[in-house]
Amino acid sequence: MDLLLPLLVDGMCTGARYAILGMGFALIFNTQRMFDISFGGIYTWCGLAMWILVAYAGLGIPLAGVLVLGLAFFLSYLIQKGYMARMRNRSDSSVSIMLGSMAILMAMEAIATIIWGGEIRTARTGDADVFKFGPIQISDVKFYSPIFALSIFLAFRYLFQRTPLGLNAKAVATNPLLSRIVGLETERILTLTTCFGCLIIAVDAVLVCVDTGVHPAIGFQSVLIAFMAVILGGIGSFEGAALGGLAIGFIRTVAVFQFPTLWQEMILFVVLFLIIAFRPIGIFGMKDWKKEV
Amino acid sequence: MSVIMETQGVYKAFGGLMALNQVDVKIEEGKISGLIGPNGAGKTTLFNVLSGFITPDRGRVLFKNRDICGEDPYKIVHLGLARSWQGLRLFEHLTVLENVAMSLPRGKEEGALKIILGSWVKNRRKVQRATEILELVQIKSRAQVPVKELSYAEQKLVAIARLLATEAEVLLLDEPTSGLDEKTVNLVIAPLLKELVAQRGKTICLVEHSIKLVFNMCDWVFCLNEGQIAASGRPQELRQDEELNRVFFQTI
Amino acid sequence: MDYLLHIVIIILINIILTVSFNILLGYTGIFALCHAAFYGIGAYTATLLMKNLGLPFFPALACAVGVTVLCSLIVALPGLRIHWDYMVIFAFSFQMVVYHLMINWVELTRGPQGIAGIPPVTILGFTFDSKISFLLFSLIVTLAVVYLVKRIESSAFGLVLKGIKDDEIAVKSVGKPVTAYKITSFAIAAGLAAVAGGFIAVYISYISPGYFDLHTSIFILICLIFGGMGSIRGAIVGTVVLTALPELLRFIPYLPSTMMGGIRDLIYATILILFMLYRPQGIVGKASR
């Protein structure tokens with residue numbers, strides 16, 4: 001019982017971080033309906049940018065964080081306009097989109113590796129602030145994660161339901177052809193939604209940089225987590241992705257606890273494998289996601 | 001006068017949308033039947049149900065007195081029923097000959113090893129059979145051309161050729177003449193369909209929008225509207241009905 | 001000179017990989033990013049049989065092919081039911097699971113250390129332990145594999161695979177069991193990858209999980225995209241260029257080895273980026289795909 005509480009708390013915090021990744025990717029995937037994984041490269045660059053701003057340029061963490069979010073939005077805009085939009089224009093094939101975005105991811109991580117090398121760098125200088133709640137001790141980063149996750153969740157749910165951009169994004173997600181006919185600028189909506197998705201994902205990049213540290217391969221890892229969150233939680237569901245991320249966070253925490261270190265990574269992949277094999281639409285997924293005949 | 005294919009009480013809904021409602025259809029062997037109706041009536045859905053691409057929520061589909069509900073589409077082709085597609089669905093990167101040759105059923109001389117390792121071009125029976133079909137459909141001259149380089153009319157002919165290659169007895173054609181000019185329809189398609197039935201003992205069912213063609217060719221017509229069979233009978237008889245005229249036969 | 005022979009041998013083994021992956025991706029259109037996993041399963045199986053049970057090369061290779069083909073069913077069978085877009089992730093997760101098994105199942109695979117001391121091939125008393133002899137040996141095998149794949153490409157089977165790539169539903173509508181065809185193409189591709197695995201094991205005499213990771217799968221993919229999917233010539237051209245290219249990097253002066261990995265990846269990524277956008281048919285392919 002002694003161990004249960006810290007386990008729950010840790011699971012919650014990791015879960016919150018993964019939920020953030022899930023929500024960001026859900027935004028991108030639900031609107032595009034394609035596996036655009038270029039956000040992974042943005043994740044790496046944002047994590048490293050955070051390090052540069054804090055450890056190198058000496059900026060305060062909150063300020064650096066905001067700048068990094070802006071960077072994420074900007075990078076995403078460049079990538080979408082400069083490459084992904086043209087890829088989408090060129091080909092309907094989801095495989096091409098995925099390959100192209102994977103190439104961008106690879107390129108960005110390669111550049112990061114060349115410039116930074118492979119070591120892990122944390123933005124944290126000095127000791128972390130620790131909050132105490134009764135018997136539990138949480139570091140400040142871990143404390144903020146669920147708060148951020150929840151805010152993002154509520155904020156974007158609101159955006160989807162109230163703002164014109166949100167409603168248009170939903171329209172494009174559900175029926176791209178009709179949206180185009182009706183006059184919605186689908187490409188612009190896709191780009192904007194993707195940029196917001198990357199913004200959300202960058203929040204986690206900031207958290208990771210402060211918490212455990214960054215290195216060039218984290219982008220790829222974020223893609224994996226985001227994937228699993230969306231697939232577990234349900235294709236096409238924003239809420240589902242958040243819950244999926246939460247669940248994966250818990251699974252991961254329990255895995256760290258129960259299993260020898262080496263097997264932890266594998267658990268997640270096995271879970272992913274089994275989910276796709278047996279219930280590819282996820283827990284809250286929508287059935288008519290892709291029509292066949 | 002035997003019924004080779006029928007549906008009994010077929011019902012299919014997609015989400016809240018009801019596509020087919022209590023559809024009872026009997027298709028007679030050796031005849032040409034027509035399936036007409038406004039857009040969205042459910043004609044293609046019915047074809048999908050008949051050919052096994054969609055399983056109905058309720059009802060039975062009988063082919064040669066055997067319930068084929070839930071069977072794999074490719075097995076249904078082996079049983080003797082094949083269909084063409086409104087959107088053609090040709091193998092665009094393959095040549096005309098390849099499209100047709102691929103659709104031929106497996107020959108008795110073709111064991112698994114031969115299929116995987118034997119060059120199909122050297123299979124004289126196959127090439128000959130495929131060429132014959134191309135000749136029948138009058139597109140032999142374009143045999144080596146990749147399908148995506150053909151004109152729309154030529155592609156439609158290839159679609160029919162591919163359907164014939166399956167050697168199925170019952171052929172369902174989904175809008176075989178849409179988008180074609182009168183000359184091609186009258187000189188190529190119509191005579192071909194008639195010959196298939198008269199000379200080669202096929203049974204044909206057409207989904208058509210050209211009422212003229214339907215009245216010209218069909219022995220029996222089914223009128224489908226909003227998922228239900230509004231009427232069925234010989235074209236001349238149906239023509240007498242004013243209500244049917246209004247809903248279905250506007251184009252006459 | 002020895003170095004040159006080494007490159008050629010690696011190219012030959014890689015050709016087996018790309019040409020077999022082409023069956024899945026180029027002909028059937030199945031984007032299964034787990035080819036390196038099959039490569040690895042073949043390599044490890046052959047290695048363990050040779051080292052632990054003392055089997056000679058060819059029987060060990062045959063068993064390795066069998067095991068790998070069985071494993072391919074793990075991907076192929078569920079892979080058929082799911083929408084094909086998910087095949088990418090599904091195969092990818094299989095790749096990662098296999099990789100992690102190779103790393104973690106230390107009792108079997110010795111983990112990241114790898115397995116060393118793999119005996120060279122001996123046939124009829126002659127041991128292929130010099131570079132020249134092994135080169136000739138692998139040349140013969142690679143030619144055989146290429147010939148086999150060429151036969152498959154021009155067969156009735158191959159024709160149906162190409163049809164599946166264009167329109168799977170249409171293939172069903174002309175009476176072909178698409179499922180059986182897909183499983184078979186998986187089996188053939190995986191089996192050939194296993195052959196490559198056996199060869200790399202006896203050539204380098206050492207295998208480790210790092211040879212068979214996602215990176216390798218992606219490399220095989222890029223070779224196809226660069227050279228041109230769907231044709232044997234394209235696969236060969238792509239393999240030759242992309243295997244030889246990084247070796248040129250070694251000759252650039254003052255390049256720290258830590259950067260080499262990054263630069264190589266950047267080159268690969270750039271090739272992928274450019275080709276996906278401007279020349280998706282690859283070097284060898286015809287335009288307007």
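The values are calculated or read from the model by the stated rules, or taken from the named source; none is laboratory data. Because the structure is predicted, anything quoted here is derived from the model rather than measured. All Cβ positions, glycine included, derive from the backbone under ideal geometry; neighbour counts span all protein chains shown.
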Review point. If you check C:F226 against the conditions, is it within 11 Å of chain A (Cβ to nearest Cβ), modelled with pLDDT of 90 or more and buried (at least 16 other Cβ atoms within 10 Å of the Cβ)?
Key: no
Revision key, fill the gap. For the range B:109-133, pairs from a residue that is within 9 Å of chain C (Cβ to nearest Cβ) to a residue that is in a strand (DSSP E or B) and not aliphatic (A, V, I, L, M), with Cβ under 7 Å and 6 or more apart or across chains, are B:I115/C:S155; B:I116/C:S155; B:L117/C:S155; B:G118/C:S155; B:S119/C:S155; B:W120/C:S155
Practice item. Pull up the range A:184-202, narrow it to residues that are at pLDDT 85 or above and of a type in the set (A, V, I, L, M), then point me to the one that is surrounded by the fewest Cβ atoms within 10 Å (Cβ to Cβ). Key: A:L192
Review point. Quick check: anything in the range B:5-25 over 27 Å from B:G179 (Cα atoms), among the acidic types (D, E) and assigned to a strand (DSSP E or B)?
Key: yes
Practice item. Just name the residue that is surrounded by the most Cβ atoms within 10 Å (Cβ to Cβ) out of those in the range B:91-100 that are under 21 Å from the mean Cα position of the chain (by Cα) and at the interface with chain C (Cβ under 7 Å from one of its Cβ atoms). Key: B:F91
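Does the range B:165-187 include one or more residues that are closer than 13 Å to B:N99 by Cβ and in contact with a Ser or Thr (Cβ under 9 Å, 6 or more places away or on another chain)?
Filtering the range B:165-187 down to residues closer than 13 Å to B:N99 by Cβ leaves B:165-166.
Checking which are in contact with a Ser or Thr (Cβ under 9 Å, 6 or more places away or on another chain) leaves us with B:165-166.
Within the range B:165-187, one or more residues are closer than 13 Å to B:N99 by Cβ and in contact with a Ser or Thr (Cβ under 9 Å, 6 or more places away or on another chain).
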Check your understanding: From the set of residues in the range A:67-100 that are of a type in the set (G, A, S) and under 30 Å from A:A57 (Cβ atoms), which is nearest to the other protein chains (Cβ to nearest Cβ)?
Key -> A:G82
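Can you say whether C:L70 is more than 22 Å from A:M34 (Cβ to Cβ), among the aliphatic types (A, V, I, L, M), modelled with pLDDT of 95 or more and surrounded by fewer than 22 Cβ atoms within 10 Å (Cβ to Cβ), as far as the supplied structure shows? Don't jump to the end; show me each part of the working.
Working: more than 22 Å from A:M34 (Cβ to Cβ): yes; among the aliphatic types (A, V, I, L, M): yes; modelled with pLDDT of 95 or more: yes; surrounded by fewer than 22 Cβ atoms within 10 Å (Cβ to Cβ): yes.
So C:L70 fits the description; yes.
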Revision key, fill the gap. In the range B:45-62, anything surrounded by fewer than 21 Cβ atoms within 10 Å (Cβ to Cβ) and either closer than 23 Å to B:R234 by Cβ or in contact with a strand residue (DSSP E or B) (Cβ under 6 Å, 6 or more places away or on another chain) (or both) is listed as B:D57, B:R58, B:G59, B:R60, B:L62
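Do we find a residue being of a type in the set (V, I, T), touching a Ser or Thr at 6+ places or on another chain (Cβ under 9 Å) and within 24 Å of C:F58 (Cα to Cα) anywhere in the range C:116-125? Break it down into steps so the answer makes sense when it comes.
Looking only at the range C:116-125, we keep the residues that are of a type in the set (V, I, T), and these are C:118, C:121-123.
Going one step further and asking which of them are touching a Ser or Thr at 6+ places or on another chain (Cβ under 9 Å), we end up with C:118, C:121.
If we keep only those that are within 24 Å of C:F58 (Cα to Cα) as well, we get C:118, C:121.
Looking through the range C:116-125, at least one residue is of a type in the set (V, I, T), touching a Ser or Thr at 6+ places or on another chain (Cβ under 9 Å) and within 24 Å of C:F58 (Cα to Cα).
Conditions (1) within 14 Å of chain C (Cβ to nearest Cβ); (2) out of contact with any Gly (no Cβ under 9 Å at 6 or more places or on another chain); (3) surrounded by 23 or more Cβ atoms within 10 Å (Cβ to Cβ); (4) of a type in the set (D, E, K, R), marked per residue:
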site: B:Q155; (1), (2), (3), (4): yes, yes, no, no
site: B:V185; (1), (2), (3), (4): no, yes, no, no
site: B:K212; (1), (2), (3), (4): no, yes, no, yes
site: B:C218; (1), (2), (3), (4): no, no, no, no
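Confirm whether C:Y254 is within 12 Å of chain A (Cβ to nearest Cβ), without any contact (Cβ under 8 Å) to a residue 60 or more places away in the chain and among the hydroxyl-bearing types (S, T, Y).
Numbers: within 12 Å of chain A (Cβ to nearest Cβ): no; without any contact (Cβ under 8 Å) to a residue 60 or more places away in the chain: yes; among the hydroxyl-bearing types (S, T, Y): yes.
When the stated conditions are applied, C:Y254 does not pass them.
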Check your understanding: Could you count how many residues in the range C:204-223 are away from chain A (no Cβ under 14 Å) and surrounded by 24 or more Cβ atoms within 10 Å (Cβ to Cβ)?
Key -> 2
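If you check C:L161 against the conditions, is it part of a helix (DSSP H, G or I) and surrounded by fewer than 16 Cβ atoms within 10 Å (Cβ to Cβ)? Explain how you work it out, then say what you get.
On the way: part of a helix (DSSP H, G or I): yes; surrounded by fewer than 16 Cβ atoms within 10 Å (Cβ to Cβ): no.
Spelling it out, it is not the case that C:L161 is part of a helix (DSSP H, G or I) and surrounded by fewer than 16 Cβ atoms within 10 Å (Cβ to Cβ).
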Exercise for review: List every residue pair whose Cβ atoms lie under 7 Å apart, where the two residues are 6 or more positions apart in sequence or sit on different chains, the first residue falls within the range A:177-197 and is under 14 Å from A:L167 (Cβ atoms), and the second residue, located anywhere, is of a type in the set (D, E, K, R).
Suggested key: A:T186/A:R180
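A quick yes/no check of all residues on (1) of a type in the set (F, W, Y); (2) crowded, with 19+ Cβ neighbours inside 10 Å; (3) touching a strand residue (DSSP E or B) at 6+ places or on another chain (Cβ under 6 Å); (4) under 23 Å from C:D85 (Cα atoms):
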{"position": "A:N175", "(1), (2), (3), (4)": "no, no, no, yes"}
{"position": "A:V182", "(1), (2), (3), (4)": "no, no, no, no"}
{"position": "A:D204", "(1), (2), (3), (4)": "no, yes, no, no"}
{"position": "A:C209", "(1), (2), (3), (4)": "no, yes, no, no"}
{"position": "A:T212", "(1), (2), (3), (4)": "no, no, no, no"}
{"position": "A:I218", "(1), (2), (3), (4)": "no, yes, no, no"}
{"position": "A:V223", "(1), (2), (3), (4)": "no, yes, no, yes"}
{"position": "A:M228", "(1), (2), (3), (4)": "no, yes, no, yes"}
Revision key, fill the gap. Note on the range A:1-31: residues modelled with pLDDT under 85 and not β-branched (V, I, T) are A:M1, A:D2, A:L3, A:L4, A:L5, A:P6, A:L7, A:L8, A:D10
Practice item. Tell me which residues, restricted to the range B:1-31, are among the hydrophobic types (A, V, I, L, M, F, W, C) and touching a residue at least 24 places away in the same chain (Cβ under 8 Å). Key: B:M1, B:V3, B:I4, B:M5, B:V10, B:A13, B:M18, B:A19, B:L20, B:V23, B:V25, B:I27
**Study point:** Residue ID - nearest to B:L164 (Cα to Cα), chosen from residues in the range B:128-147 that are in a helix (DSSP H, G or I) and among the aliphatic types (A, V, I, L, M)
**Key:** B:I133
Review point. All but one of (1) surrounded by fewer than 17 Cβ atoms within 10 Å (Cβ to Cβ); (2) within 10 Å of chain C (Cβ to nearest Cβ); (3) aromatic (F, W, Y) hold for B:F14; which doesn't?
Key: (2)
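Among the candidates C:Y181, C:Y147, which residue alone is touching a Leu at 6+ places or on another chain (Cβ under 7 Å), within 13 Å of chain B (Cβ to nearest Cβ) and aromatic (F, W, Y)? Walk me through it before giving the result.
Values: C:Y147 fails: touching a Leu at 6+ places or on another chain (Cβ under 7 Å).
Selected residue: C:Y181, the only one of C:Y181, C:Y147 that is touching a Leu at 6+ places or on another chain (Cβ under 7 Å), within 13 Å of chain B (Cβ to nearest Cβ) and aromatic (F, W, Y).
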Exercise for review: Kindly establish whether C:V141 is in a helix (DSSP H, G or I) and touching a Ser or Thr at 6+ places or on another chain (Cβ under 9 Å).
Suggested key: no
Check your understanding: Pairs, please: C-beta under 8 Å, at least 6 apart or cross-chain, first residue modelled with pLDDT under 90 and in the range B:178-198, second assigned to a helix (DSSP H, G or I) and among the basic types (K, R)?
Key -> B:G179/B:K156; B:L180/B:K156
**Study point:** Enumeration of residues in the range C:73-102 that are surrounded by 21 or more Cβ atoms within 10 Å (Cβ to Cβ), more than 8 Å from chain A (Cβ to nearest Cβ) and among the hydrophobic types (A, V, I, L, M, F, W, C)
**Key:** C:V75, C:A76, C:M87, C:A91, C:F92, C:V98, C:M102
Practice item. Go through the range B:148-167 and count every residue that is acidic (D, E) and either under 15 Å from C:V174 (Cβ atoms) or assigned to a loop (DSSP other than H, G, I, E, B) (or both). Key: 1
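Quick check on this structure: which one of A:K142, A:K170 is of a type outside the set (S, T, Y) and crowded, with 20+ Cβ neighbours inside 10 Å?
Working: A:K170 fails: crowded, with 20+ Cβ neighbours inside 10 Å.
None of the others qualify; the one that does is A:K142.
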Check your understanding: Any idea which of A:F269, A:F257 is within 13 Å of another protein chain (Cβ to nearest Cβ) and in a helix (DSSP H, G or I)?
Key -> A:F269
